[in-house]
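Trainee: Right, I'll just put the structure down here and ask away after.
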Amino acid sequence: MATTTLSKLLEKFEEISGALSIQALASELELRPAQVESMVDFWINKGRIRVSTNPSECGSCSVQGDCPFILEMPRTFELVNDHAHNQELVSRIPCNQK
Amino acid sequence: MNKTIALAGNPNVGKSTLFNALTGSHQHVGNWPGKTVEKKDGQLWIGEQEIRVVDLPGTYSLTAYSIEEIITRDFIVNEKPTAVIAVVNAANLDRNLYLVTQLIELDIPVIVALNMTDVARRRGLAISLKGLSERLGGLPVVETVGNRSEGLEDLKEAIELVIKYPHTGNVQTSFSGIVQEEIESLKVMIEGQEQLKENYRPGWLATKLLENDLDVIKKLETLEVEGLLESARAARERIETQTGEDPEILIADQRYQFVDKVIDSAVEHPRETTITRSERIDKVVTHKIWGLPIFLLLMWLVFQFTSNVSAPFLDWVDVFINELILKWTVRILGLAGLGNSWISSLITDGVIAGVGGVLVFVPVLLFLYLALGVMEDSGYMARAAFVMDRVMRWMGLHGKSFLPMIIGFGCTVPAVYATRTLENEKDRKLTAFLATFMSCGARLPVYVVFGAAFFGASSGTLVFAMYFLGIVVALITGFVMKNTVYKSKPPVPFVMELPPYRIPRPRDVWNQMWERTHGFLVKSGTVILGVSVALWLLMAIPAHQDLGPFNEIQAGDSLFGRISGLLAPVFKPAGFGSWQTTGSLMTGILAKEVIVSTMSQIYAGESLPVVDTTASFQEDLVLVGTGFGRAAFLTVQETINIIPRTINLIPFVDLGELDFLPTEGQELDYTRLEGSLIKAFEKTAGSPRAGAIAAVAFNVFVLLYIPCVAAVTAMKQEFGRRWMWAQITYTLVIAWTASVVVFQVGKLFFL
C-alpha cells in the first residue's frame with residue numbers, strides 16, 4: 001500500500017489502461033498537472049517511467065533543416081517494467097532545429 | 001576577483017539569456033573538464049567589484065542520475081560559490097521549486113530569480129514575491145524577464161546584498177518525522193569528523209546518505225568513514241521498516257509536499273479557470289463518441305479552408321508566373337536572340353514550368369500552415385492523437401502508433417523514425433507500414449490541382465476524402481496484419497502530455513506559417529529545381545536518333561516519354577494510362593511534389609501560351625495587381641462560404657453560397673495546368689465524366705503508392721531491405737487495385 005504521493009502516482013501508472021492525459025491523471029490524484037509532471041521527472045530519473053519524444057529525424061532526405069512538413073507530437077510516458085535505468089528512447093535533435 | 005555567482009535552474013527557463021544579460025560580452029564558452037557539457041563563464045561588474053558568473057547546466061534536480069546534475073552539484077559543493085541564483089520559470093513553479101529546495105539543502109546563499117513572469121501573468125498566475133520569500137526562509141526573490149532585461153538592476157542589487165550579508169535561508173526545507181530525526185543524528189556524526197565538515201555541508205551530506213546516493217557514497221568510501229556509512233545504512237533500514245517506503249522516495253515526496261505548501265501560500269493560480277476550462281473542452285473534444293466525429297469535422301474544415309479559400313490566390317499566382325514571369329522571360333530571351341534555342345527551352349519548359357508549377361501552390365500551403373498553426377497553437381493537435389488512440393485500440397493496434405501516423409500527415413520520413421518510441425519490434429514495423437498511408441503534405445498539391453480542375457468548389461471534399469481514405473486503408477491494413485503477420489503482446493498503456501487549450505497567438509501562428517512556407521520555397525529552389533532540369537534534359541533527348549534532333553522533338557518521343565509509355569498500359573484499367581501520368585508517377589517517387597512539377601513541365605511543353613506582344617510591362621503589372629485584389633475579395637467570399645458548405649453536410653439541407661464575382665466561363669478560373677489536365681484525362685478516359693473518375697483514381701494511386709525515396713531509405717535503414725521490398729510491393733499492389741476499383745466501379749455508378 002503506497003503511502004506517499006510519489007508511490008501513488010506510480011501505482012496509477014500500473015493501473016491505467018489505454019491512453020490517459022496528464023490532466024486526467026492529476027485530477028484522479030487531486031494534484032496540479034504541473035505537480036504530476038514534476039513527479040514524473042523523479043520517476044524518469046529513477047528509471048521507472050520512460051519518456052518518449054517523437055523525433056523529427058529526417059534521415060537521408062536532402063531538405064533536412066528547412067523542411068516544411070515536420071509536425072511535432074507531445075511526449076508520452078509509460079511504465080518501465082524491467083526497472084532498468086530509463087533512457088530516453090529517442091533524444092535526437094529535431095532536424096528542423098539543426 | 002574572489003566572488004563567484006552560479007546560475008542554476010531547469011532547462012529552458014531563460015538561464016542563459018539572464019547570464020548573457022548579466023555578463024554582456026564578457027564571457028568565455030568552453031566545456032566542463034573532461035565532459036562534453038558546455039560551460040559558460042563570465043564577468044559582472046557591480047560598481048568597482050568584479051564578480052565571476054558561472055552558468056551551470058540546466059537540470060531538474062540534484063541527484064546523481066545525469067551528468068548535468070553531477071556537474072551542477074559538484075560545482076556548488078566543491079567550488080562553494082558565494083551565492084547561487086536559482087533561475088525559476090514563474091509559469092511552472094512546481095517543477096522549478098523542486099530544484100530550489102535542493103539548493104536550499106546545500107546550505108548556501110540562494111537568490112531566486114523569478115523569470116518569465118510575463119508568461120506567468122498571461123496565464124493568470126499571481127505570485128506574491130513577499131510570500132514566496134517568506135516561505136523560502138527569507139531568501140531574496142527578484143522578478144525578471146530575461147529576454148527584455150527587466151529586473152536586472154534588482155537582481156544586481158540582490159547579488160550585492162548577498163555578497164555583503166550572506167544569507168542561507170532560515171528554513172528547514174521539507175523534511176519532517178523520522179526523516180528529519182535521522183538527518184539530525186547523521187548530521188551530528190558528520191560534524192564530528194573534521195575532514196567531512198570541511199568539504200561538505202553536514203545536513204546535505206546526511207540527506208544524500210539517506211537517499212543512498214551512490215556518487216556520494218563512492219566518494220566517502222575513499223575516506224575512513226565506515227562508521228558513518230554503516231549508520232546511514234541502519235538509518236535507511238529504520239525508515240523503511242517504519243514507513244514501508246524507500247527513504248529516497250520519502251525524501252523526494254516530502255520535498256514535493258514542501259513545494260506544494262510554498263505554492264499554495266504564495267501563488268494564486270487560476271486552476272479553477274484554465275484547467276477546468278481545458279477539462280471541460282476535453283470532455284467534448286476527446287469524448288468517447290463525439291471525439292472522432294469532431295476530429296473528422298475539423299479535418300474537413302481544414303481542407304475546405306486549404307483548398308477552396310486558397311483557390312483564388314492559386315489562380316493569381318498562376319497568372320503572375322505565366323503572364324508576367326514566363327511571358328517576359330520569353331520576350332527577353334527573344335530580344336537576346338535566344339528565342340528558339342535550348343537555353344530558352346531549359347528556362348521556360350524546364351525551370352519556370354517545373355518550379356513555377358509547384359510555386360503556384362504556395363497559397364495552398366500557406367493556408368494549410370495557417371490551419372495547422374492554429375490547431376497546434378490552440379492545443380488541439382495533440383488531442384487528435386489522443387482521440388485516435390481509441391480507434392487504434394478498437395482495431396487491436398497500439399494506441400501510441402497514431403503519434404507516428406499523425407507525424408506522417410506532415411512527412412513519412414520522421415514518421416518512420418518516430419516508431420522508435422514503440423518498444424515492440426512488431427509494433428514498430430506495423431506502425432511504419434501504416435504511416436506510409438497517411439497522406440504526407442507533399443501530396444497535397446496533387447489533390448488540390450485535381451480537385452480544382454475536376455470538382456471546382458467541391459475540391460476540398462476531394463482533399464478530405466483522400467486523407468480520410470489514407471486513414472481507413474491504414475486501419476484496415478493494420479487490423480489484418482495485427483491478426484496475422486504482426487501478432488504481438490497487448491500494448492502498454494501510456495500517459496500523454498496535453499497542452500492546455502488557449503486562443504492561438506497570431507504571432508506564433510504567423511512564425512510557424514512563415515517558417516514552413518520558407519521551407520517549401522527552399523525545397524522548390526533545390527530539390528524541385530534539380531529534378532526539373534534533369535527532367536527537361538530527359539524530355540529533350542530523343543528516344544531514337546531518327547525521331548529528330550535534341551530538343552526539337554515531341555515530348556512523347558523523348559527518352560522520358562518512351563520509357564513512361566512502356567509502363568502506361570498498366571494504368572489503363574484505372575483510366576489514366578497515358579505516358580504523361582505514368583511519367584509523373586515515376587518522378588513522384590523522388591518527392592511527391594515533383595508529380596505536379598512534372599505534369600506542369602509535360603503539359604507546358606504541349607500548350608505553351610501565346611505570347612501577347614502588344615501588352616506593355618505596365619499593363620501586365622496592372623493585370624496582376626487587379627488580379628490580386630480580386631483574389632483577396634474571393635478569398636473572403638470563400639471563407640464565408642465554408643459555413644453553408646459545412647451546414648449542407650446535414651442531409652436535406654441546401655443553403656446557398658455567396659457568389660459576388662460570377663465568372664462568365666468556368667475556364668477563366670482554371671490554371672494552365674488544370675486546363676491541360678481536364679483535356680488530357682478526358683482524352684484518356686473517353687469522356688468528361690470518365691475523366692473526372694479517372695482523376696479520382698489517379699489521386700487514390702498517388703495517395704497509396706510507394707512513398708518517396710527518402711522514406712523508403714528510412715525504412716530500409718530501420719527495418720532492413722526485405723521489409724522495405726515487402727512494403728514497396730504491398731503499396732504498389734494496394735494502390736493499383738484501389739485505383740482500378742475506383743475507376744471501374746465509378747464508371748458503373750456515374751456513367
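The values are calculated or read from the model by the stated rules, or taken from the named source; none is laboratory data. Since we're looking at a predicted model, the values are computed, not measured. Cβ: placed from backbone, ideal geometry, glycine included. Neighbour counts: every protein chain shown.
Trainee: Can you tell me which residues in region B:386-402 are out of contact with any strand residue (DSSP E or B) (no Cβ under 7 Å at 6 or more places or on another chain) and buried (at least 21 other Cβ atoms within 10 Å of the Cβ)?
Mentor: Of region B:386-402, the ones out of contact with any strand residue (DSSP E or B) (no Cβ under 7 Å at 6 or more places or on another chain) are B:387-388, B:390-398, B:401-402.
Within region B:386-402, B:Val387, B:Met388, B:Met392, B:Leu397, B:His398, B:Ser401, B:Phe402 qualify.
Trainee: Which one of these does B:Pro644 not meet: (1) surrounded by fewer than 16 Cβ atoms within 10 Å (Cβ to Cβ); (2) out of contact with any Asp or Glu (no Cβ under 6 Å at 6 or more places or on another chain)?
Mentor: (2)
Trainee: Same structure again: If a residue has to be within 9 Å of another protein chain (Cβ to nearest Cβ) and within 17 Å of the chain's Cα centre (by Cα) to count, how many in region B:385-401 make the cut?
Mentor: Final tally of qualifying residues: 3.
Trainee: Quick check, is B:Val745 more than 21 Å from B:Lys426 (Cα to Cα), surrounded by fewer than 17 Cβ atoms within 10 Å (Cβ to Cβ) and within 14 Å of chain A (Cβ to nearest Cβ)? Reasoning before the result, please.
Mentor: Values: more than 21 Å from B:Lys426 (Cα to Cα): yes; surrounded by fewer than 17 Cβ atoms within 10 Å (Cβ to Cβ): yes; within 14 Å of chain A (Cβ to nearest Cβ): no.
No.
One line per residue, one yes/no per condition, for (1) within 13 Å of another protein chain (Cβ to nearest Cβ); (2) part of a helix (DSSP H, G or I); (3) among the acidic types (Asp, Glu); (4) in contact with a Gly (Cβ under 7 Å, 6 or more places away or on another chain):
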| site | (1), (2), (3), (4) |
| --- | --- |
| B:Ala692 | no, yes, no, no |
| B:Ala695 | no, yes, no, no |
| B:Leu703 | no, yes, no, yes |
| B:Pro707 | yes, no, no, no |
| B:Ala710 | yes, yes, no, yes |
| B:Thr713 | yes, yes, no, yes |
| B:Gln717 | yes, yes, no, yes |
| B:Ala726 | no, yes, no, no |
| B:Leu732 | no, yes, no, no |
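Trainee: While we're on this one: Only one residue in B:Val88, B:Val13, B:Val29 is at pLDDT 90 or above and among the aliphatic types (A, V, I, L, M), so which one is that? Talk me through it step by step, then tell me what you get.
Mentor: On the way: B:Val13 fails: at pLDDT 90 or above; B:Val29 fails: at pLDDT 90 or above.
The conditions single out B:Val88.
Trainee: In addition: Quick check on region B:409-423. Is at least one of its residues of a type in the set (Val, Ile, Thr), closer than 30 Å to B:Asp315 by Cα and crowded, with 23+ Cβ neighbours inside 10 Å? Show your work before the answer.
Mentor: In the first step, residues of region B:409-423 are kept if they are of a type in the set (Val, Ile, Thr); the result is B:412-413, B:416, B:419, B:421.
Next cut, closer than 30 Å to B:Asp315 by Cα only: B:412.
Then drop every residue that is not crowded, with 23+ Cβ neighbours inside 10 Å, which leaves B:412.
Among the residues of region B:409-423, at least one is of a type in the set (Val, Ile, Thr), closer than 30 Å to B:Asp315 by Cα and crowded, with 23+ Cβ neighbours inside 10 Å, which makes the answer yes.
Trainee: Further question on the same structure: Please state which of the following conditions B:Ile159 fails to meet, knowing it meets all the rest: (1) in contact (Cβ under 8 Å) with a residue 60 or more places away in the chain; (2) part of a loop (DSSP other than H, G, I, E, B).
Mentor: (2)
Trainee: Just to be sure before I move on: is B:Gly451 buried (at least 23 other Cβ atoms within 10 Å of the Cβ), within 11 Å of chain A (Cβ to nearest Cβ) and under 22 Å from B:Thr517 (Cβ atoms) in the structure I sent? It would help to see each step written out before you state the result.
Mentor: Values: buried (at least 23 other Cβ atoms within 10 Å of the Cβ): yes; within 11 Å of chain A (Cβ to nearest Cβ): no; under 22 Å from B:Thr517 (Cβ atoms): yes.
For B:Gly451, the condition - buried (at least 23 other Cβ atoms within 10 Å of the Cβ), within 11 Å of chain A (Cβ to nearest Cβ) and under 22 Å from B:Thr517 (Cβ atoms) - is not met.
Trainee: In this structure, is B:Val358 assigned by TED's automatic domain parsing to the domain that holds B:Ser524, within 38 Å of the chain's Cα centre (by Cα) and in a helix (DSSP H, G or I)? Before the answer, list the steps.
Mentor: On the way: assigned by TED's automatic domain parsing to the domain that holds B:Ser524: yes; within 38 Å of the chain's Cα centre (by Cα): yes; in a helix (DSSP H, G or I): yes.
Yes: the conditions hold for B:Val358.
Trainee: Another question, then. When B:Leu529 is evaluated against the numbered criteria (1) in a loop (DSSP other than H, G, I, E, B); (2) within 14 Å of chain A (Cβ to nearest Cβ), which criterion, by number, is the only one it fails?
Mentor: If we test B:Leu529 against (1) in a loop (DSSP other than H, G, I, E, B); (2) within 14 Å of chain A (Cβ to nearest Cβ), just (1) comes out false.
Trainee: Something else: Taking the residues in region B:481-523 that are polar (S, T, N, Q) and part of a helix (DSSP H, G or I) as candidates, determine which candidate is nearest to the other protein chains (Cβ to nearest Cβ). Reasoning before the result, please.
Mentor: The first filter runs over region B:481-523 and keeps only residues polar (S, T, N, Q), leaving B:483-484, B:488, B:511-512, B:517.
Next, only the ones that are part of a helix (DSSP H, G or I) stay: B:511-512, B:517.
Working: B:Asn511: 13, B:Gln512: 10, B:Thr517: 7 Å.
Filtering first and then ranking leaves B:Thr517.
Trainee: Identify, please: which residue in region A:14-50 is more than 28 Å from B:Arg123 (Cα to Cα) and more than 7 Å from chain B (Cβ to nearest Cβ) and is, among those, farthest from the chain's Cα centre (by Cα)? Show your work before the answer.
Mentor: Of the residues in region A:14-50, the ones more than 28 Å from B:Arg123 (Cα to Cα) are A:14-18, A:45-50.
Those left that are additionally more than 7 Å from chain B (Cβ to nearest Cβ): A:14-15, A:46-50.
Values: A:Glu14: 15, A:Glu15: 17, A:Lys46: 14, A:Gly47: 12, A:Arg48: 11, A:Ile49: 8, A:Arg50: 6 Å.
Looking at residues that are more than 28 Å from B:Arg123 (Cα to Cα) and more than 7 Å from chain B (Cβ to nearest Cβ), I get A:Glu15.
Trainee: Name, by its number, the condition in (1) among the hydrophobic types (A, V, I, L, M, F, W, C); (2) in contact with an Asp or Glu (Cβ under 9 Å, 6 or more places away or on another chain); (3) surrounded by fewer than 24 Cβ atoms within 10 Å (Cβ to Cβ) that does not hold for B:Ala432.
Mentor: Status for B:Ala432: all satisfied but (3).
Trainee: Restricting attention to region B:357-384, report how many residues are touching a Ser or Thr at 6+ places or on another chain (Cβ under 7 Å) and either at pLDDT 85 or above or within 14 Å of chain A (Cβ to nearest Cβ) (or both).
Mentor: So the count comes out to 12.
Trainee: For the condition assigned to a strand (DSSP E or B), out of contact with any Ser or Thr (no Cβ under 7 Å at 6 or more places or on another chain), of a type in the set (A, V, I, L, M) and under 21 Å from B:Val259 (Cα atoms), what is the one hit in B:Val100, B:Val112, B:Val119? Walk me through how you get there before you give the answer.
Mentor: Details: B:Val100 fails: assigned to a strand (DSSP E or B); B:Val119 fails: assigned to a strand (DSSP E or B).
When all the criteria are applied, what remains is B:Val112.
Trainee: Right, something else. Can you confirm whether B:Phe576 is assigned to a loop (DSSP other than H, G, I, E, B), at pLDDT 90 or above, under 26 Å from B:Ser439 (Cα atoms) and assigned by TED's automatic domain parsing to the domain that holds B:Thr526? It would help to see each step written out before you state the result.
Mentor: Values: assigned to a loop (DSSP other than H, G, I, E, B): yes; at pLDDT 90 or above: yes; under 26 Å from B:Ser439 (Cα atoms): yes; assigned by TED's automatic domain parsing to the domain that holds B:Thr526: yes.
So B:Phe576 fits the description; yes.
Trainee: Next up: Looking only at region B:44-85, count how many residues are within 16 Å of B:Asn20 (Cα to Cα) and among the aromatic types (Phe, Trp, Tyr).
Mentor: Of the residues in region B:44-85, 1 are within 16 Å of B:Asn20 (Cα to Cα) and among the aromatic types (Phe, Trp, Tyr).
Trainee: Sticking with this structure for a sec: Listed residues B:Gly588, B:Gly575, B:Gly556, B:Gly548; which is more than 18 Å from B:Val358 (Cβ to Cβ) and in contact (Cβ under 8 Å) with a residue 60 or more places away in the chain?
Mentor: Numbers: B:Gly588 fails: more than 18 Å from B:Val358 (Cβ to Cβ); B:Gly556 fails: in contact (Cβ under 8 Å) with a residue 60 or more places away in the chain; B:Gly548 fails: in contact (Cβ under 8 Å) with a residue 60 or more places away in the chain.
One residue alone meets the criteria, B:Gly575.
Trainee: In this structure, is B:Leu214 under 42 Å from the mean Cα position of the chain (by Cα) and loosely packed, with under 15 Cβ neighbours inside 10 Å?
Mentor: On the way: under 42 Å from the mean Cα position of the chain (by Cα): yes; loosely packed, with under 15 Cβ neighbours inside 10 Å: yes.
So B:Leu214 fits the description; yes.
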